[in-house]
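Here's the structure we're looking at; comments come further down.
Every number here is computed from the coordinates shown, using simple stated rules; none is lab data. Because the structure is a prediction, the values reported are computed rather than measured. Note: ideal-geometry Cβ built from the backbone for every residue, glycine included; neighbour counts use all protein chains shown.
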Amino acid sequence: MADWWKNLYRAISTVFQGLLVTLRVWKSTYDSSRKTFTEHFEYPELPARVAPRYRGFHRFDVTTCIGCDQCAKACPVDCIYIGKERVENGKGFRLTHFTIDYTKCMFCALCVEPCPVDCIFMGGTLDLSSYSRDGALVDYSRLPIDVAWGRATLNPTAVAESKAVLFPVHGGPSQPEG
């Protein structure tokens, strides 16, 4: 019978200690010297703060890319698709499309290191939500330069508008007339 009382006392004291931890955390969240939890994290209205070394959605400079395929070869999950055509005057290639499939990408940053001209970086964007899987395919050659390079926010609206454009923004192959 004494063991039963010991077990009962231990169970009640353990539950009470857990409730005290919860009460302490709740009090520190709603303390008068700090903002409340909802004021501290206003994510949709204000951008969330990320660490300086955060590996978010890529930034890509279409104007300096030489189409060497080093980033696509280094990608362990094959989520980078590069379309290119040979330049008539001179050496090298011109991009027709540079697409990253973010349903496959694991944000490992292995594509950043082998780039000889440093045209691809990990960005600070953490949200690219969409209602379909097609929204996770981002063609950086069809995005406006300021969005692709990270000067403006990479957002679902910009990605959706880039899918309606019939030619690359950077002036690749001949543009349709009409």
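Observations on the model:
- The alpha carbons of segment 88-145 stretch over 43, 23, 20 Å along the principal axes, in descending order.
- Order of 55, 86 under a 10 Å beta carbon neighbour criterion, fewest first: 86, 55
- Size-normalised alpha-carbon gyration radius of segment 41-84, reference 2.2 N^0.38 Å: 1.64
- Karplus-derived HN-Hα couplings along segment 92-99 (A = 6.51, B = -1.76, C = 1.60, θ = phi - 60°), whole Hz, x at Gly and Pro: x, 10, 10, 6, 9, 7, 9, 10
- At R0 = 41 Å, FRET efficiency that the Cβ-Cβ distance of residue 16 and residue 54 yields, to 0.05: 0.55
- Partners for residue 73 among lysines (Cα-Cα distance below 26 Å; same-chain residues under 8 apart left out): 84, 91, 104, 163
- Ordering of 94-106, 121-133, 138-150 by burial proxy (mean other Cβ atoms within 10 Å per residue, highest first): 138-150, 94-106, 121-133
- Cα-based reach from residue 27 at 16 Å (exclusive), listing aspartates and glutamates while leaving out same-chain residues under 8 positions away: 39
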